[in-house]
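Undergrad: Starting off with a structure, shown below.
Every number here is computed from the coordinates shown, using simple stated rules; none is lab data. Since the model is a prediction, treat every value here as computed from it, not as a measurement. Cβ atoms come from the backbone with ideal geometry, glycine included; neighbour counts cover every protein chain shown.
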Amino acid sequence: MDKGLLAYLLIPLLSAVIIPFAARNRPKLADILANVTLLAGLANLAWLALRPSIIRGEFADIPGDGFSLLLVAAVYLVALCVTFFSAWFIEEGLPNRSAYYSLILVSVSAMCGVVTTTDFFTLYVFIEVLAVTSFALITTDESGAGLEGALKYFFLTFPASALIIIGIAVMLMSLGSLSFESLRFFMASDLPAGPVTFGAALMLLGFIIKAGVVPFHTWAPDAYQGAYAPVSAHLAGIVTKVSGVYAIIKMATLLRFFDGRAQALSEMLMFLGLLSIAVGALAALKQTNLKRMLAFSSISQVGYIVLAAGLGTPLAIMGAIFHLINHATFKTVLFLNSASVEKSAGTTDMDKLGGLEHTMPWTSWTSIVALLSTAGVPPLSGFWSKLIIILALWEAGLKGYAVLALLFSIVTLAYFMMMQKKVFFGKKTPAAESSPEVCAPLLAPVVLMSGLIVALGLLFPYFYVYVKMVAERILL
Amino acid sequence: MTTHNLLFVLAAVFALWAVMAKKLLTSAIMLALVSVAVSLIFFDFSAPWAGVFELSVCAGLITVLFIGAVSLIRADEDKRPENRAFAYALPLAAAVFAIAAWFYLPPFFEELAAGRQMAAGGGTIGTALWGLRRPDLLGQVLMLAAGVFVIKSVFPRRTENK
């Protein structure tokens, strides 16, 4: 475990324990404590990332492989946006207000554990903590949909946990150790790789289910649609990306140690990635509910990351890492905006919405920035990550995959344009007439994230150097 | 030998309690205690890795999952009347098993003790928990915290529904 990043795990846990006691008589104190904890962590990370040596492109001070630090920053950023948004979104009388914030902070700790560990079993333990907190957070919505979403999440992701633990057991029997490094040593020997490959395949299957990759995606739309609105942003923005997608990238980089002996696994990952891109995009075209459409879009975007991870070349891994970070930014904006629309108009049914740009201009414009980035329109951040992935596919001679990835990027633009037209453009519907713009604190997180999307796109050369360093450290 | 005899009896008592309890929550907690006793037996037989995994997965994770599932059931459904005839037969079955165990378990434990001597050097509880699997302990603390907050988050509404 990366000890340099341990504080980012321990401090939210401490805050999570303090909140129920401190906020017993003053519920608003829970909002303040959660936000201050995450803001302090983010300020610390900014201080670490903005050192003169790092700006000069010297990354000697970056702990570990640099990937952990990048993801810890993404976890804190998305969680801060969600808690800040929740502070103004949650109704005054919510009985479990402090537990809600404590659960978000525990999930932040668990995510930091997932991205800093170097051991398969510890990875499993933290992923399970994340599953338990996600399950409880989904049920924050007291409606039947929330419960249904939680149950589907429960029943589909826990068999995945069983697969992961069986895979870990097979690994332990073959490797005699559970550390990621032991795989490297094992492959250097001449021992038969069959059992280890089998264990890796079981683990990968578990992570694929947790990431909501097609054909194991059925839990994701129900969970995202049924969950409490800010929780959807937390889940889609970062939780499923860390518990599933990050683990897939990690496994894919480890599979490189197999030196071609796990080619079938890599090919399977690439095929499922492309299938996710296609099925997610085509299903998103048909949706009439905004949150459900965003859920299918999320499945499609995860497909790009899985496709790149399966390819496993340094350029592809770079694209996967960058797209993972980008996905956290634009999906948080889109889900938080859907929460604002739900709060203001009282529905997320796109057939009942229309003309919201007149009454909710800030929500409309930030949505445009996020959707253009998701579709890969230059010069926004999503363009660069998709370009890297498509270039990596082309360079590897997989021209069919590259062309299809590009084509479905156009489909992404199409369904998002349809969404924008239905929800924000056109004539005002009766629901839009009485839908004022949400208050400034609810807009602040989405404006911040939209600014980040633009900044990551415009400052890409600087960010490219960092991501390149991460890919090199992971693969060497 | 006395320690694991005691632990074995404790595990059996907790298991019996888990099956006979009227409340699902009590059953879940008793099942966790069974796992704790079993993991201590593993430690006692010089199998610290098995002990650590039993403690992590069964006593920690599975219990939190059970508590999460129980929290989704409304309080009134938890107390639905049921035929408990089997529960009264259980102590009788346990008594029969205890008599059989009196004769058969000591030689079985002797055999296990021989295995313990072979496994000696695999590490103590302290080495396994604090040396080899320290990050897992952190995960366990997180799991425990998550369990407490799940109860705090979902249970108030469970009572309100009633």
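Undergrad: I need two numbers for region A:89-223: Rg to one decimal and Dmax as a whole number, Cα atoms only, in Å.
TA: Rg and Dmax of region A:89-223, Cα atoms, are 17.7, 64 Å.
Undergrad: Local charge sum around residue A:389 (other residues, Cβ-Cβ under 15 Å, Lys/Arg +1, Asp/Glu -1)?
TA: Counting the neighbours of residue A:389, the net charge comes to +2.
Undergrad: In addition: Explain nothing, just the number: relative contact order of region A:262-341, from Cα pairs under 8 Å at least 6 residues apart, as a whole percent.
TA: Computed over region A:262-341, the figure is 33 percent.
Undergrad: Quick one: which residues, 5 or more positions from residue A:119 or on another chain, have an amide H under 5 Å from its amide H? H modelled 1.01 Å from N in the peptide plane, none for Pro or chain starts.
TA: Excluding prolines and chain starts, which carry no amide H, the hits are A:180.
Undergrad: Bin width 20 Å, origin at 0, all Cα-Cα pairs of region A:3-475: what percent of pairs per bin?
TA: 26, 60, 14, 0
Undergrad: Okay, next question. Using Cβ contacts closer than 10 Å as the measure, can you line up A:161, A:434 from fewest to most?
TA: Fewest to most other Cβ atoms nearby, the residues stand as A:434, A:161.
Undergrad: While we're on this one: With a 10 Å Cβ neighbour count serving as the proxy for reagent exposure, in which order, fewest first, do A:31, A:190 appear?
TA: Placing the least packed residue first, the sequence is A:190, A:31.
Undergrad: For region A:333-444, what are Rg and Dmax over the alpha carbons, in angstrom?
TA: Every Cα atom of region A:333-444 included, Rg and Dmax give 16.7, 54 Å.
Undergrad: A further question follows. Nearest 10 degrees, 0 to 90: what angle lies between the long axis of helix A:97-116 and the longest principal axis of chain A (Cα atoms)?
TA: The helix A:97-116 is inclined about 30 degrees to chain A.
Undergrad: Just rank A:191, A:156, fewest to most, by other beta-carbon atoms within 10 angstrom.
TA: Taking fewest neighbouring Cβ atoms as first place, the list is A:191, A:156.
Undergrad: Something else now. Compute the long axis of helix A:460-475 from its Cα atoms, compare it with the longest principal axis of the Cα atoms of chain A, and write down the angle in degrees, 0 to 90, nearest 10.
TA: Between helix and principal axis, roughly 40 degrees.
Undergrad: Further, regarding this structure: Using the structure shown, select from A:331/A:468; A:286/A:422; A:241/A:291 the pairs with a Cα to Cα distance greater than 22 angstrom.
TA: A:331/A:468
Undergrad: While we're here: For chain A, which span is the longest to avoid every loop-located (per DSSP) member of trypsin sites (Lys or Arg not before Pro) having at most 14 other Cβ atoms inside 10 Å?
TA: Of all site-free stretches, the longest is A:57-426.
Undergrad: In sequence order, what are the phi-derived ³J(HN,Hα) couplings for region A:316-330 according to the Karplus relation 6.51 cos²θ - 1.76 cosθ + 1.60 with θ = phi - 60°, rounded to whole Hz, with x for glycine and proline?
TA: 5, 5, 4, x, 4, 5, 5, 5, 4, 5, 4, 4, 4, 6, 6
Undergrad: Remind me, relative contact order of region A:3-475 in percent, using alpha carbon pairs under 8 angstrom and six or more residues apart?
TA: Details: 776 pairs, mean separation 70.3, N = 473.
Worked out over region A:3-475, it gives 15 percent.
Undergrad: Using amide H atoms built in the peptide plane, which far-off residues or other-chain residues are under 5 Å from residue A:289 H to H?
TA: Sorted by chain and number, the residues that satisfy this are A:350.
Undergrad: How high is the FRET efficiency from residue B:99 to residue A:407, r the C-beta distance, R0 60 Å, rounded to 0.05? Walk me through the numbers on the way to the answer.
TA: On the way: r = 74 Å, r/R0 = 1.23.
My answer for the efficiency is 0.25.
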